[in-house]
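Input: a single structure, listed below in structure tokens.
The values are calculated or read from the model by the stated rules, or taken from the named source; none is laboratory data. Here the structure is a predicted model, which is why all the values come from computation and not from measurement. For neighbour counting, all protein chains shown are included, and Cβ atoms are generated from backbone atoms with ideal geometry for every residue, glycine included.
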Amino acid sequence: MNWEMIGSAALMIAMLVFIFPRMRHAVKNAPKGTFEDWKGFLIPVGAVILFIIFLIQMV
């Protein structure tokens, strides 16, 4: 184990320590999604999936 691995592990732990409380606060206070929000998300994702299937079929 060298100093780079120890430094990387220390930075990852520090990042988790600083990010976790903010993440928990954001999840607790996040607005709930409505049907329109989900539809606006699922339509582009579905289009991308269909486009990828189309590209695979063309090969």
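Here are Gly33, Gly7, Gly46: which of them is small (Gly, Ala, Ser), in contact with a helix residue (DSSP H, G or I) (Cβ under 9 Å, 6 or more places away or on another chain) and surrounded by 10 or more Cβ atoms within 10 Å (Cβ to Cβ)?
Details: Gly7 fails: in contact with a helix residue (DSSP H, G or I) (Cβ under 9 Å, 6 or more places away or on another chain); Gly46 fails: in contact with a helix residue (DSSP H, G or I) (Cβ under 9 Å, 6 or more places away or on another chain).
That would be Gly33, the only listed residue that is small (Gly, Ala, Ser), in contact with a helix residue (DSSP H, G or I) (Cβ under 9 Å, 6 or more places away or on another chain) and surrounded by 10 or more Cβ atoms within 10 Å (Cβ to Cβ).
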Could you give every pair whose Cβ atoms fall below 7 Å, whose first residue belongs to the stretch 1-29 and is at negative phi, and whose second residue is exposed (fewer than 10 other Cβ atoms within 10 Å of the Cβ) and modelled with pLDDT of 95 or more, counting only separations of at least 6 or pairs across chains?
none
Would you mind finding the one in Ala30, Ala26 that is assigned to a loop (DSSP other than H, G, I, E, B), small (Gly, Ala, Ser) and within 17 Å of the chain's Cα centre (by Cα)?
Ala30
